[in-house]
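To start, the structure under review is shown below, and the notes come after it.
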Amino acid sequence: MRNRRRYKWSDLTHRQRTAVAMSATVQVALAVAAWTDLARRDPRQINGSKRTWAAIIAVNFIGPIAYFTRGRRDETAPHTS
C-alpha cells in the first residue's frame with residue numbers, strides 16, 4: 001500500500017479551498033432540506049420509517065438524494081390502504 005500524503009487546509013490553493021467550501025455548503029443544504037421535508041411529511045407519505053431515512057440522509061450527498069428520489073411516496077399516485 002502506498003503512503004498517501006494528508007493535506008492540510010493551508011496546503012490547498014485558493015481554488016481548492018473554494019471547491020471544498022462549496023461542496024460542503026451544497027452537502028449541508030441538501031441534508032437540511034431533506035431533514036426538513038422528512039420532519040414535515042406525514043409518515044404515510046414516506047417509503048419506510050422516518051428514523052431510517054433520518055439516518056440515511058446523514059450519508060454525504062448520497063443520503064439526501066436517495067431520500068428525494070426513493071424515500072418519498074409519489075403524491076400524484078392513488079393511495080391504497
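The values are calculated or read from the model by the stated rules, or taken from the named source; none is laboratory data. Source: prediction; values computed, not measured. Methodologically, a virtual Cβ is constructed for each residue, glycine included, from the backbone with ideal geometry; neighbour enumeration extends over all protein chains shown. Side chains included, ligands, DNA and RNA excluded: accessible areas come from the protein's heavy atoms. Shrake-Rupley method; radii C 1.70, N 1.55, O 1.52, S 1.80 Å.
Filter the stretch 14-26 down to residues that are of a type in the set (A, V, I, L, M, F, W, C) and open to solvent by less than 60 Å² (accessible area, probe 1.4 Å), then give me how many there are.
Matching residues across the stretch 14-26 total 3.
If you go through the stretch 27-71, how many residues are open to solvent by less than 70 Å² (accessible area, probe 1.4 Å), touching a residue at least 24 places away in the same chain (Cβ under 8 Å), part of a helix (DSSP H, G or I) and not aromatic (Phe, Trp, Tyr)?
12
Answer with yes or no whether Ile46 is touching a Leu at 6+ places or on another chain (Cβ under 9 Å) and among the β-branched types (Val, Ile, Thr).
yes
Could you please find all residues in the stretch 1-26 being among the polar types (S, T, N, Q), over 16 Å from the mean Cα position of the chain (by Cα) and part of a helix (DSSP H, G or I)?
Within the stretch 1-26, Ser10, Gln16, Thr18 meet the criteria.
Restricting to the stretch 1-13, name every residue that is of a type in the set (A, V, I, L, M, F, W, C) and open to solvent by 100 Å² or more (accessible area, probe 1.4 Å).
Matches in the stretch 1-13: Met1, Trp9.
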